[in-house]
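The values are calculated or read from the model by the stated rules, or taken from the named source; none is laboratory data. These numbers were taken from a predicted model, which means no experiment stands behind them. Quick reminder, even Gly has a Cβ in these numbers, built from the backbone with ideal geometry, and neighbours come from all protein chains shown. For accessibility, only protein heavy atoms count, side chains too; no ligands or nucleic acids. Shrake-Rupley method; radii C 1.70, N 1.55, O 1.52, S 1.80 Å.
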Amino acid sequence: MPTVSVKRDLLFKALGREYTDEEFDEVCFEFGLELDEITSEKDIISKEQGNTKAEGASDVILYKIDVPANRYDLLCLEGLVRGLQVFKERTEAPRYERVNPPSGEKQRLIITEETAQVRPHAVAAVLRNITFTPERYDSFIELQEKLHQNVCRKRTLVAIGTHDLDTISGPFTYTAKPPAEIKFRPLNQTKEYTAPEIMSLYKTDSHLRHYLHIIEDKPVYPIIYDRKGTVLSMPPIINGDHSKISLNTKNVFIECTATDLTKAKIALDMIVTMFSEYCEEPFTVEAAEVVYPDGKTCIYPELAYRKERLTGDFINKKVGISETPESIAKLLTRMYLKSEVIGEEGEIEVEIPPTRSDIIHACDIVEDAAIAYGYNNIKRTTPRTYTVANQLPLNKLTELLRQDLAAAGFTEALTFALCSQEDISEKLCKDISKTKAVHIANPKTAEFQVARTTLLSGLLKTVAANRKMPLPLKLFEISDVVLKDETRDVGARNNRRLCAVFYNKSPGFEVIHGLLDRFMQLLDVKAGQENGGYYIQAAEDSTYFPGRCAEIFARGQSIGKLGVLHPDVVNKFELTMPCSALDLDIEPFL
């Protein structure tokens, strides 16, 4: 969940009243938020960097509020205050309006076909005659950063650029050029740099270095120019210094470049709806025109309102309450969803504003009705249907076996379900193509390339990590492996297996064999080939020493192997002593 930091006094001033910490915590809870922490800038620096660094920092009380990840409209003070005021019925939800500029000629953003190689979409809008104060300005910048981290997915989907419109002149051109052809002065820098130099400059920047990977391998970099060739920004990395906004900025040109047009529209709508209240005409946004390479023209921001219809009975049933349609409409209106009852059958028409992009399905509306009603106010009832829970038989068998194997003197290990290809192939003297391994499409590290097909490699790595422990080392694990299976709808299946290893100065084959006998004794499986009993038979396996491997049969089928590990296997896991192992499938015994 995103956390929004707001100054307490500024928040109370905007809300028109003061609360105690407990009262405001209760208000947040009612609205579906959580007051996570009460702190100050000084306290934060003191905790992170020590008391010396905190000297001179602000003592202003900050409220850190946890906001649901889908509520982009609550990521700044303005949206938070507006939402709480509407919830407490102290004001009505404003109506956002897209207007044309006084001159009649809209600002135009022209997209060229070169952008298709890197970031093909863009949207734009203008906040006209806006008035910034230091608090509003900080909130404006912070909202952009919150959106970048949230809906914009760290700028990979959308990058937001804001510019002082009075320092530039349209029409604007959004294009893409080879890095060497791009040169401008980045934000807060004193000289011009080429695009490659900018990428090198920000390699060590604690903030911007996280975004360089988005375009650094592309043949062309996106760039936005004004009519005179002045660079506005090189998204998604940095804006130009020439058009940076300040406290004195009166007209803000906002552009969002994107790989996902829907997310770009949402980000633009959030920025303009949150701060349009500071314009000379509150809650109005000046339209901008975006021209695509094929000549298609779109007007942004969309600021689209739409309507959904639900019945009061539907909401009552889903929430577990019995309210009248009129009462439910009132609850929804408090949640920024202006609603009214239409017709005589209790149908409710809900108007969804552009700030509520999280309302996708009727269930989202039902959830808001439940929040407004208050979860604590919903009467607890006994379910009409009784069900008796039962443990999954495979898990029950596993738990019982764990207890007795531990009692037999073996220590349980818990290893990773993912491993490297080498762990299940080369180190075990196997061919990776014959292991039925499920491969990870884009592994982040070499240690997690495939889903394990055996528990043995994990146990041997555990032994290697504990070589300094007193001998013998006796380990076991009962867990799932993953095997390819074309008969399954997902192309793979889980298989519950038991694996045990004995590591000592001597191989200890008799110890592992004894564990197998104890395992069968616990499951009441008799020795011998008659009546589904168990027996072992000499076998050859590249993982085991020649002549020291046996295949295990039970219930008329092969269930696994046991034996002394091949010296090459032992060496590849950086071990120096002999080791014997037992590896079998426990599912046939259910």
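Checking Thr381 against (1) of a type in the set (Val, Ile, Thr); (2) under 30 Å from Leu331 (Cβ atoms); (3) at pLDDT 90 or above: exactly one of these is not met. Which one?
Every listed condition holds for Thr381 apart from (3).
Just one of the numbered conditions (1) loosely packed, with under 15 Cβ neighbours inside 10 Å; (2) within 18 Å of Met577 (Cα to Cα) is not true of Gly458; which one?
For Gly458, the exception is condition (1).
Please name all residue pairs, on different chains or six or more residues apart, with Cβ atoms under 8 Å, provided the first residue is in the stretch 1-25 and is more than 19 Å from Tyr72 (Cβ to Cβ) and the second residue is open to solvent by 70 Å² or more (accessible area, probe 1.4 Å) and outside any helix (DSSP H, G or I).
Arg8/Ile38; Phe12/Glu18; Gly16/Arg90; Asp21/Ile38
Quick check on the stretch 63-86. Is at least one of its residues modelled with pLDDT of 90 or more, open to solvent by less than 10 Å² (accessible area, probe 1.4 Å), in contact with a strand residue (DSSP E or B) (Cβ under 6 Å, 6 or more places away or on another chain) and not aliphatic (A, V, I, L, M)?
No, the stretch 63-86 has no match at all.
Across the stretch 27-42, what is the total count of residues that are charged (D, E, K, R) and either in contact with a Lys or Arg (Cβ under 7 Å, 6 or more places away or on another chain) or open to solvent by less than 30 Å² (accessible area, probe 1.4 Å) (or both)?
The first filter runs over the stretch 27-42 and keeps only residues charged (D, E, K, R), leaving 30, 34, 36-37, 41-42.
Cutting the leftovers down to either in contact with a Lys or Arg (Cβ under 7 Å, 6 or more places away or on another chain) or open to solvent by less than 30 Å² (accessible area, probe 1.4 Å) (or both) gives us 36-37.
The number of residues fulfilling the criteria is 2.
Do you know which residues across the stretch 549-590 are more than 21 Å from Cys429 (Cα to Cα), open to solvent by less than 10 Å² (accessible area, probe 1.4 Å) and in contact (Cβ under 8 Å) with a residue 60 or more places away in the chain?
Across the stretch 549-590, the qualifying residue is only Ile586.
Mind checking which helices (runs of 4 or more DSSP H) fall wholly inside the stretch 371-488 and carry at least 2 residues that are out of contact with any helix residue (DSSP H, G or I) (no Cβ under 8 Å at 6 or more places or on another chain)?
Answer list for the stretch 371-488: 393-407, 456-465.
So which of Ser139, Ser103 ends up being small (Gly, Ala, Ser) and open to solvent by less than 60 Å² (accessible area, probe 1.4 Å)?
Of the residues listed, the single one that is small (Gly, Ala, Ser) and open to solvent by less than 60 Å² (accessible area, probe 1.4 Å) is Ser139.
Quick one: which of Arg402, Arg384 is farther than 30 Å from Glu30 by Cα, of a type in the set (Lys, Arg) and surrounded by fewer than 18 Cβ atoms within 10 Å (Cβ to Cβ)?
On the way: Arg384 fails: farther than 30 Å from Glu30 by Cα.
It is Arg402.
Do you know which of the residues in the stretch 149-167 that are of a type in the set (Ser, Thr, Tyr) and more than 23 Å from Glu216 (Cβ to Cβ) is most open to solvent (accessible area, probe 1.4 Å)?
Taking the stretch 149-167 as the starting set, the residues that turn out to be of a type in the set (Ser, Thr, Tyr) are 156, 162, 167.
Keeping just the survivors that are more than 23 Å from Glu216 (Cβ to Cβ) gives 162, 167.
On the way: Thr162: 10, Thr167: 55 Å².
Within the stretch 149-167, the match that is most open to solvent (accessible area, probe 1.4 Å) is Thr167.
Name the single residue that is nearest to Ala413 (Cα to Cα) among those in the stretch 515-532 being open to solvent by 30 Å² or more (accessible area, probe 1.4 Å) and in contact (Cβ under 8 Å) with a residue 40 or more places away in the chain.
The qualifying residue nearest to Ala413 (Cα to Cα) is Arg518.
So which pairs qualify, if the first residue must be in the stretch 419-447 and open to solvent by 60 Å² or more (accessible area, probe 1.4 Å), the second must be at pLDDT 85 or above and among the hydroxyl-bearing types (Ser, Thr, Tyr), the Cβ gap must be under 8 Å, and the two must be at least 6 apart or on different chains?
Close Cβ pairs (under 8 Å, with a partner that is at pLDDT 85 or above and among the hydroxyl-bearing types (Ser, Thr, Tyr)) amount to Lys430/Ser542; Lys430/Thr543; Asp431/Ser425; Lys436/Thr453; Ala446/Ser420; Glu447/Ser420.
Just to be sure I understand the filter: pairs with C-beta atoms under 7 Å, separated by 6 or more residues or on different chains, first member in the stretch 374-385 and more than 25 Å from Ser327 (Cα to Cα), second member surrounded by 10 or more Cβ atoms within 10 Å (Cβ to Cβ). Which pairs pass?
none
Which condition number in (1) under 30 Å from Lys396 (Cβ atoms); (2) in contact (Cβ under 8 Å) with a residue 12 or more places away in the chain; (3) out of contact with any Ser or Thr (no Cβ under 7 Å at 6 or more places or on another chain); (4) not β-branched (Val, Ile, Thr) is the one that Leu471 fails?
(1)
Please work out which one of (1) open to solvent by 10 Å² or more (accessible area, probe 1.4 Å); (2) assigned to a loop (DSSP other than H, G, I, E, B); (3) within 23 Å of Met270 (Cβ to Cβ) is the condition Gly295 fails and give its number.
If we test Gly295 against (1) open to solvent by 10 Å² or more (accessible area, probe 1.4 Å); (2) assigned to a loop (DSSP other than H, G, I, E, B); (3) within 23 Å of Met270 (Cβ to Cβ), just (3) comes out false.
Of all residues in the stretch 14-26 being in a helix (DSSP H, G or I) and out of contact with any helix residue (DSSP H, G or I) (no Cβ under 8 Å at 6 or more places or on another chain), which is least open to solvent (accessible area, probe 1.4 Å)?
Among those that are in a helix (DSSP H, G or I) and out of contact with any helix residue (DSSP H, G or I) (no Cβ under 8 Å at 6 or more places or on another chain), it is Phe24.
Can we say Arg488 is touching a residue at least 60 places away in the same chain (Cβ under 8 Å), surrounded by fewer than 18 Cβ atoms within 10 Å (Cβ to Cβ), out of contact with any strand residue (DSSP E or B) (no Cβ under 7 Å at 6 or more places or on another chain) and not acidic (Asp, Glu)?
No: the conditions fail for Arg488.
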